[in-house]
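What follows is a single structure, written as C-alpha cells, with notes after it.
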Number of protein chains: 2
Amino acid sequence: MLRSHTCGELNLKDINREVTLSGWIHKVRDKGGLIWIDLRDRYGITQLLIEEGRSDASVVETARKLGREYVVKAKGTVVERESKNPNIPTGSIEIDLTDLQILNSSKTPPFTIEDDTDGGEELRMKFRYLDLRRQPLRKNLELRNRLSIETRKYLDDQKFFEIETPYLIKSTPEGARDFVVPSRMNEGQFYALPQSPQTFKQLLMVAGYDRYYQLVKCFRDEDLRADRQPEFTQIDCEMAFVEQDDILNTFEGMVKYLFSTVKQIDIPELPRVEYADAMKYYGSDKPDIRFGMKFVELNDVAQNKGFKVFDDAELVVGIVAENCADYSRKQLDKLTDFVKKPQIGAKGLVYVKYNEDGSFKSSVDKFFNQEALLSWAEKMNAGKGDLLLVLSGEKNKVRKQLNELRLEMGERLNLRDPEVFAPLWVVDFPLLEWDEESERYHAMHHPFTSPKHEDINLLDKKPGEVRANAYDLVINGVEIGGGSIRIHDRELQKLMFKHLGFSDEEAQEQFGFLLNAFEYGAPPHGGIALGFDRLAALFGGQDSIRDFIAFPKNNSGRDIMIDSPSVIADDQLEELKLKSVK
Amino acid sequence: MLRSHTCGELNLKDINREVTLSGWIHKVRDKGGLIWIDLRDRYGITQLLIEEGRSDASVVETARKLGREYVVKAKGTVVERESKNPNIPTGSIEIDLTDLQILNSSKTPPFTIEDDTDGGEELRMKFRYLDLRRQPLRKNLELRNRLSIETRKYLDDQKFFEIETPYLIKSTPEGARDFVVPSRMNEGQFYALPQSPQTFKQLLMVAGYDRYYQLVKCFRDEDLRADRQPEFTQIDCEMAFVEQDDILNTFEGMVKYLFSTVKQIDIPELPRVEYADAMKYYGSDKPDIRFGMKFVELNDVAQNKGFKVFDDAELVVGIVAENCADYSRKQLDKLTDFVKKPQIGAKGLVYVKYNEDGSFKSSVDKFFNQEALLSWAEKMNAGKGDLLLVLSGEKNKVRKQLNELRLEMGERLNLRDPEVFAPLWVVDFPLLEWDEESERYHAMHHPFTSPKHEDINLLDKKPGEVRANAYDLVINGVEIGGGSIRIHDRELQKLMFKHLGFSDEEAQEQFGFLLNAFEYGAPPHGGIALGFDRLAALFGGQDSIRDFIAFPKNNSGRDIMIDSPSVIADDQLEELKLKSVK
C-alpha cells in the first residue's frame, strides 16, 4: 500500500493517527535540528516533520538527499502544529515521520512548480507534464471535468441520449478546410475528420432519437489565429419535434444549471435580443452586456448643423461614459488614437464633456452650441459629469468601431469583471450573408438552417433581409454557442441550395445522403453546439482556452512536447500509395 | 408547440386529458367506419382513434392519405380502450382525434421498421437512419448511453478526472498500423490518430493527476476481421500511487456497479486466475467460466500403456461432458470432425463413455481396459452417464484445441446463456512473447508494462518466463479489458527497451518525451483500458458490436451510408503537397 490518505485530507480530528502519504517534494526547509517538508499531491499539501536526534537516523539521512519534485512515501503520526497555517485545510497538523522512502528521484525542473511560474510559454509547453503540476492548471482541468459531469447530468435528466458519431467521415468542400485521412484499404480515397457532427445529428433525428447530445472533438485545418486550436471540443445537441423556443428554454436551463452547480451563481432569465437590435445597440452580434453604455443614434440632433463630417455620414452614433467628464486631454487623445488604429479604422472621435456645472465642452464646439450639445445629452440620457463619445460614418463600419470603443471603455472603467456573468440569446440572425470575394450569398450559419416562415417570400427579391431561425448563446461578449431550427423539408432544402449557388448535382453529390434521408419522414428538428473549451475558460474567468486543454498545440498546430506532426516512414507512405511533392 | 406528451407516457390516469402527440405512422388499420393508427416515437407507441361520421371530416380525410413512416402531429382526448393491449404501457388508452396534421411525408421504406426486419445487411447499412428506427437498435444505443452515464458516475465518485487527450498525435512504428493525417501547415509531416492515449495518460500521472479516465475513440488501420471497427471506443483509465490490487479492486468495483445499476444483477467477488492456470485449466487466457468442464491432465494415467499417439504426446488432456454418455456415433463423429477442422487442427478425438451401468466404452478400447478407463474417470471426477473427451499432442497446441472443443460442448449443452455473466481477472501474464517472424521477443502487453519484481533476474536467462504486473478483465470468454502496472523507473524502462531490441537511439526517438518525463519524478502508476463497444454488446447479450454503434463501418472500412472514404479534390491534395501514386 502506497498511501493511507492523500495530502489534502488530514486535520485536527486525525491527531495521533498513523498514516502513510505519498507525493512530490514541494519544498524542504532544513533548519539544522529540524527539517520541514511540504509534500504535495493532487489533493493538497501536508507538512512532514523530522527532528534530528529524535527521528530515526535513516529518515534524517533520506530527507537530506531530497530534491525538488522527488517522489516519496512517508509514514508517521499526525500531530498538532505549533505554528498553524490557516490558508490550507491541513494547516493545523503535521506528520511526525517514522519512515521515509524515495520512490523516484527528479532532475531539477526547468521552471518552478508554483502558482506564478518563471517558465516561458515555449518551455512550459515542452514540459507540459511539469506545467500541469501547477495548481492553476490543475484547477482549470478540475473545473473542466466538473463542467462535463454537470453538463451530462443536466442533459441526461432531460432525457437526452449521448450517441457517438464517427470520426472517420467524408470530406465536403463547403465550410472550413478538412483534415483528411488517407485510406489504405480504399486506394486513392480519403476520410475526413469532422468539423462537427452536423449531418449525423440530423440523421439521428430522422432516425427518431429525439434528443441527442455528445461532448465531441471537432477538427478544422485553419490557419491558426491566437487561441484557436486545430482540434477542439463541442457540446453538440439536437432535438426533434421542437420549435425555437423549446431549444432556447432547454439550453437556457442548462446554462443556469451549470452556473448554479459549478459556480454557485444564480443567473436570471436570459435576455433574447434580436440580431438587428444587437447590431443597433452594441454594434456586435455578441454584445457584452455586463455593462450598459448602449449606442444612441444621433442623426436627428447632430446632422444639418454645418458639420460636414456628420452631415455626410450614414450614421452618427455615440455612447455615454459615466463620470468621465474629467478626462484629461491626454486621456482623450489616447481614446482617439485607439479608434484610429488600423484594426479599428475610425477617422476620428468626437467627445462632449457634460461638466458638473452644467456646461458642455466638446471637440466640435465650432459647430454645436451649448443648446445643441444639451439636446445630445438629453437624447443619450447623460447626466452632469458624464463623457459623450461619438463616431460617424458608414452604418456597418461605424457600429463595429463604436463596439470596439465601448468594450475599451468597459475595460478602462472596470465594468468587465471576469467573475460577473451576463449571458443572453441573440436571435433572428440573417439567413444569408453576401460574400464579396465569391460575389454570392453564403449561408450565415450553415445550409441546413431554416428561414423564418414569414420571410421565405423575400428569398428571391431581398435575400439579405431573410431572417433565419438561428440563435447564438453569448456570455460576456463571447459567442459560446450557436444553432438553428433546421430545414426538414426536401423542397425547401433544394430551394436553399439553389440560393446558395449549388447545382442539383453538386447538392446531391455533397449532401445526397441527407437529402435522401429527408424523403423518409424527417421530423421538425433543431439544435445547438457550444464551444466547450471556451465555456471552461469563461467559467475559469480567463480569456485563453489553452490552459483549459491538457495538451494543446501551439499556433503552428504543433505539439512541441511530443514533437508532432513529424515525418513518417517511407513504407508507411508507400502503403498509402502517396508521395510527397515539393 | 409540437407535442404535449410523448407516445410512451399516457395511460388510464390521463383519461379525458386534451393532448398533442407527434411521431411516425407505424401502422394504420382502416376498418371502414373506424380507423386506428399506431403512432410511434422514441418513447413508445400510442393508438389514435378516428371514427367516420363522428370525427372531423378533415381528420378522416388526412388519415386516409397517410403512409408508413409519415410524420404527423395529432390532437385529441385520451379515452379508455375497449380492447386493451397489456403488452405496452399505453395499451389501456387511445386518443380520440380532433385534429391531424401531416408534418412530413415519407417514401415507402426499403425494409420494414419492425423488431425482425426483412432488410439485408447492405440495405440496412445504406439506410442506417431507418434501421436505427427499429426498437432493438434503439434499445442497444439506449443501453450504451446508460453504460456510459453509469461508468462516469462510478469513476467520478471514485475521484477520477475525465481529461481529454489529443487526437492529432505522433505516429510510432511499434504496434498496429496508424491512421495518419497530413499536416498542411508543416509540409511533409503527418499527425497520427491515437491507437490509445497510453503515453498521454502516463504523462498525466507524471503530472500528478492521480486518477484519470476518458471514454475515448481510438483508431487502428488493420485489415478488418469480422466485427472489428477501424474506430472504436475505450474506457481508458490510469491511477498513481497504486499497486496491482488497488487497480483490480477499483475496477472490480466498477464491473459490479455496472451490472448492479444497468442489469440489476449482483456479481460475486471476481476470481483471480493466474495466466498459467487459465492456460492449464481452460487452454485460453480468456476462459468462459459460466460453466465448469475444466481440463484434467492425464499423462500419468494415459501414457505408457502402448498407445503410441499418447506416448509420443507432450500432453494428454481431457474434459468431462456431463450426461453425454448416450451420444450417438453420429454425434461423436461430428465432434471429431469439429476438432479436425483446419482452424482447430487436432488429428483426432478420443472419447470414453462412462455408461450408466458402470462400464466404459471408448475409442481406444484396444489399448485401455475397463480398469484403466476407470482410473481416467476417477482422475477427471466423472460419474456414470458422463462422456470423457480427450486430446493429445504438443502442449500449447492441444490446449488451444481443447479450448475450442470445450466452448463447442458448452454451446451444445446450453451452458453459455448470454444473460448469465461470469467475469474474472486473469493475472500474471508473461511479460514477453516470442515472435517467430521477427525472431525476437515482443512486449505481450506493451513496452511500458512492468515485470514482477521477483522475476527481473530472469530477464537475461529466461525472458519467456518473466511474469508481468499485467491483468485482463474477462467476461463470458471475451477479453473486455486489460492493463498493467507501468514501469516508472527510467533505468528499468531502458532495460526493457534493450530486451525488446530497441537501440538507445530508437527508444529515444520514439518515446523520448516519455523517457524524459520519467526523469522528473514519475510516481508508481498503472491502469487499464476496457473495450466499450464490446462491453455494450456483452451487456446487450449479443456477440456483434456493430449494432451497438450508431454509424458503423463495413468490413472494408467503408461507411456505405455516406459513401466514405472518397476521392478528394485535386487542390486539397495539392495544398497538402501530396500526390497519389499507382
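The values are calculated or read from the model by the stated rules, or taken from the named source; none is laboratory data. Please read all numbers here as calculations on a predicted model, not as lab measurements. We place every Cβ from the backbone using ideal geometry, glycine too, and count neighbours over all the protein chains shown. The area values use the complete protein model at the heavy-atom level, side chains included, leaving out ligands, DNA and RNA. Shrake-Rupley method; radii C 1.70, N 1.55, O 1.52, S 1.80 Å.
For region A:12-104, the antiparallel share of DSSP beta bridges with both residues in that region comes to about 95%.
Positive end of the dipole of chain B (Cβ unit charges, origin at the Cα centre): among B:G53, B:A529, B:N304, the Cα lying farthest that way belongs to B:G53. Here the spin labels are modelled as points 7 Å beyond Cα on the Cα-Cβ line, and at A:R329 and B:K308 they lie 11.9 nm apart.
Sorting the segments A:399-405, A:300-306 by their mean number of nearby beta carbons within 10 angstrom, highest to lowest, gives A:399-405, A:300-306. Figure legend: label point modelled 7 angstrom from the Cα of B:D116 along Cα→Cβ; residues of region B:409-447 with amide N under 20 Å from it are B:418-419. Its Cα gyration tensor gives region A:291-416 an equivalent ellipsoid. The semi-axes, each the square root of 5 times an eigenvalue, are 19, 19, 13 Å from largest down.
A viscosity of 1.002 mPa s and a temperature of 20 °C, combined with the Kirkwood radius over C-alpha pairs in the Stokes-Einstein formula, give region A:514-582 a diffusion coefficient of 125 µm²/s.
Charges were assigned to the Cβ only: +1 to each Lys and Arg, -1 to each Asp and Glu. The resulting dipole of chain A about its Cα centre is roughly 1420 debye.
Can you run the Rg to Rh ratio on region A:469-550? Use alpha carbon positions and the Kirkwood inverse-distance Rh.
My calculation of the ratio gives 1.16.
Per residue, the accessible area of the protein assembly as shown comes to 42 Å², computed with a 1.4 Å probe over protein heavy atoms only. With respect to chain B, whose longest principal axis is taken over its alpha-carbon atoms, helix B:395-412 is tilted by about 30°. Available extension along the chain between A:D570 and A:E411 is 51.8 nm, counting 0.36 nm per residue and deducting the alpha carbon span. Could you give log10 I(q)/I(0) at q = 0.14, 0.26 Å⁻¹ for region B:12-104, computed by the Debye formula over C-alpha point scatterers of equal weight, without solvent? Summing over Cα pairs of region B:12-104 leads to -0.43, -1.59. Counting only protein chain heavy atoms and rolling a 1.4 Å probe, the accessible areas of A:Y354, B:Y281 rank, largest first, as B:Y281, A:Y354. Label positions at A:D300 and A:K340, each projected 7 Å from the Cα along the C-beta direction, are separated by 3.3 nm. With the helix formula -39500 (n - 2.57) applied to DSSP H stretches of n ≥ 4, the protein assembly as shown reaches a computed 222 nm mean residue ellipticity of -8500 deg cm²/dmol.
Test of understanding: what is the full-extension gain from B:S544 to B:K361, defined as 0.36 nm times their sequence separation minus their Cα-Cα distance? Value of the extension gain: 61.8 nm. Taking trypsin sites (Lys or Arg not before Pro) across region B:126-223, the ones in a DSSP loop with at most 14 further Cβ atoms lying within 10 angstrom of their Cβ are B:K159. Across the identical copies, the label point of A:K305 (7 Å from Cα in the Cβ direction) is separated from its matches by 11.9 nm, in order from shortest. Total Å² of accessible surface buried at the B-A contact, 1.4 Å probe, nearest 100? Its buried surface, counting both partners, is about 11000 Å². Our note on the geometry: Cα centres of region A:141-217 and region B:131-187, 11 Å apart. Geometric descriptor of region A:184-319, per residue, is 241 Å³ (volume of the convex hull of the Cα atoms).
Antiparallel beta bridges, as assigned by DSSP with both residues in chain A, represent about 95 percent of the total such bridges. The Cα-based radius of gyration and maximum Cα-Cα distance (Dmax) for chain A are 30.2, 94 Å. Find how many whole Å separate the alpha carbon centroid of region A:79-107 from the alpha carbon centroid of region A:429-492. When both Cα centres are located, 60 Å separates them. Globularity index of region A:119-245 is 1.31 (Cα radius of gyration / 2.2 N^0.38 Å, N = number of residues). Place the label 7 angstrom along Cα→C-beta at A:N457 and in each other copy, then list the distances from the first to the rest in nm, shortest first. Label-point distances to the other copies, shortest first: 9.5 nm. Simple point charges give the picture: +1 on the Cβ of Lys and Arg, -1 on the Cβ of Asp and Glu, and for the protein assembly as shown a dipole about the Cα centre of about 180 debye.
Measuring nothing but alpha carbons in region B:344-456 and taking Rh as the Kirkwood radius, the Rg to Rh ratio lands at 1.10.
Axis of helix A:504-517 versus longest Cα principal axis of chain A: the two differ by about 60°, to the nearest ten degrees. Legend: calculated FRET efficiency, B:A176 to B:L492, from the Cβ-Cβ distance at R0 = 22 Å, rounded to 0.05, equals 0.30. Pairs with C-alpha atoms separated by more than 30 Å, drawn from the list A:K308/A:K452; B:K217/B:K577; A:K153/A:K452; B:K170/B:K579; A:K170/B:K139; A:K201/A:K553, are A:K308/A:K452; A:K153/A:K452. Is the shape of region B:85-139 best called rounded, prolate or oblate, per the rule: a/c under 1.5 gives rounded, else a/b larger than b/c gives prolate, else oblate, with a ≥ b ≥ c the square roots of the Cα gyration tensor eigenvalues? Oblate, because a/c is 1.5 or more while a/b does not exceed b/c. Over all distinct Cα-Cα pairs of the protein assembly as shown, the Kirkwood formula returns a hydrodynamic radius of 34.6 Å.
Ranked from shortest, the separations from the 7 Å Cα-to-Cβ label point of A:L413 to its equivalents in the other copies are 8.5 nm.
Cα centroid distance between region A:267-281 and region B:306-360, in Å? Cα centres, region A:267-281 to region B:306-360: 81 Å.
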